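Read through the structure below, which is laid out as C-alpha cells, and then see the notes.
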C-alpha cells in the first residue's frame, strides 16, 4: 500500500475497545511518568513520552485482541513521511487471538502524528509479516476487498517526569558493546552479561519492589500488571559494579555460581573462565581452562554438587576443575539444564531436533524426546498439577510441553510465529516465558498454555537471553544493545501463592 493513501480509510471513533483491538499507551523513562486514560468521544489516543534532553525516549503501545482471529496492525504517519524519528525495525505485527500485545518503541523528541490501523487477518497471515512491504500489501488488499480496517489517530504528547504513576523505565544502553549472554543471581540483585567483544559486565539493579507503584491494566487483559525497564550505566537506580575483558572472542555463555559468589563464562575460543565476585565490588580471576573445540559452550551449574556442565563435559571445581565425565550426545548441544528436583539428571537441547535426558552417574542416556522438526534451542523444567514437565523451544517455530513421567509431548504451542530461541519457567508462578528470533517475548499460562501477552522489543536488538531474577516475579531480557526487566504479578499468581 502507498502510505500516502492511508487517509482513504475511514477513521474509527474514540471508543477503542469496540473494535477487534483494545488500545492503551504507557510512557517510559527513568522517573515517574504520566499515564492517560483511554479517550472518550472522537479524541485521538495519546502517546505519552517523557521529556528528557538528549535521550531516546520510550513508550509502550498495548493492544488487546478480543476476538478469536488473528489481528494485523501497523503504525503509519498521518503525513505519509518516513518514520525515521523512531528507533525501530518494525512497527507492525499480528496479535494472536484472545491475547495482549505490547510494542515497545523509542522516539526522539519530535512532534509527529501517527495512525494505528488494524484488521482481522484470518488464516492468511498466521506467521509474521516478512517485511514492511508484505504488511502494506495486506492492508492494500484489505481495502480492495472491502474488509473493515479500523483506524485510530495517535497524538504524540510529552510529559513532565514528576507527574503521575509509572509502569516502565526504558533507557538505552547503546554505548556499551553488543551483549551475547545473560544470567541473574538467585539471592542478590545482580545481573551478569557477556559481550561480543569478550567483556563481562556485572550489574546491580534496583531491588525495590515496584508493586506499590504499579497500575492495573484493562480488565480486557489477563495480564493485570506489569513493568518494563531497561538499564543504563549512568542510571541512578542501576550500578555497574565491574567490567572486565576476559577473552578476545565473544562470551557465548555466562552463569553465576551463587553459593561460591563466582562467575563462570564460556567464550567462543572454547575456554571456560572462572571469576570471583570480591566483596561485591570487583571480579577477580580464579581459573581458566580449555573445555571444548566448538564455539558453542552452553553452561549449567549443578544446584548441590561442586560441578559445572559445559556442553557434554562435567567439571568438578573441588578437583581443580578436572573433567570427571563426558556425555556423548548424538548432536551439538545448544542448552543444558540440571533437573532441580532430581539433581542426578539433566536435559540437553540438541541440533538434530531432539532432547536427551541423562543421569550424572551413567555414560548412557536415559531416554530421548523426539517431535520437533528442527534444532532445539532451549529448555526448562517446571511443575504443574504436582507433576514435572519440560518446555522446549525450536527453530520449527513451536514450543513443546513434555510430561516427564509419560516421556511424551502433551501440548504444542504454535502461536509463536518465529523460531523460539529462549524459554524459561517462573518458579512458584503460573507462567512460562519464551523469546523468539524476531525480538518478541511471549508469556504463557502454565495452567492451560494460553497465550497471555506478547511484548515486541524491536528497539533493543535481537534477544540474547531470558533469566528469572530473585523472587521469581522479575524476568531479565537481554538484547544485543539493551537489558530489560519485566515484573510479573497478577491476581492468579498472588492467589496461588496465598493458598500454599
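Computed from the C-beta positions of residue 145 and residue 410 and an R0 of 41 Å, the FRET efficiency is 0.55 to the nearest 0.05.
In this structure, residue 448 and residue 367 have a Cβ-Cβ separation that, at R0 = 25 Å, corresponds to a calculated FRET efficiency of about 0.40. Relative contact order, whole percent, for the range 277-337 stands at 25, derived from Cα pairs under 8 Å and 6 or more residues apart. Once you reduce the range 303-344 and the range 256-287 to the center of their Cα atoms, the two points are 17 Å from each other. Ordered by the number of other Cβ atoms lying within 10 Å of each residue's own Cβ, fewest first, 447, 368, 120 fall into the sequence 447, 368, 120.
Any idea what the alpha-carbon Rg over 2.2 N^0.38 Å comes to for the range 433-479? Dividing the Cα radius of gyration by 2.2 N^0.38 Å gives 1.16. Ordered by the number of other Cβ atoms lying within 10 Å of each residue's own Cβ, fewest first, 327, 293 fall into the sequence 293, 327.
Of the residues 143, 134, the one with the fewest other Cβ atoms within 10 Å heads the list, and the complete ranking is 134, 143.
Subtracting the Cα-Cα distance of residue 69 and residue 285 from their residue separation scaled by 0.36 nm leaves 72.3 nm.
Each value in this text was obtained by applying a stated rule to the coordinates, not by laboratory testing. This is a predicted model, so every value here is computed, not measured. Ideal geometry is used to build each Cβ from the backbone, glycine not excepted, and the neighbour counts take in all protein chains shown.
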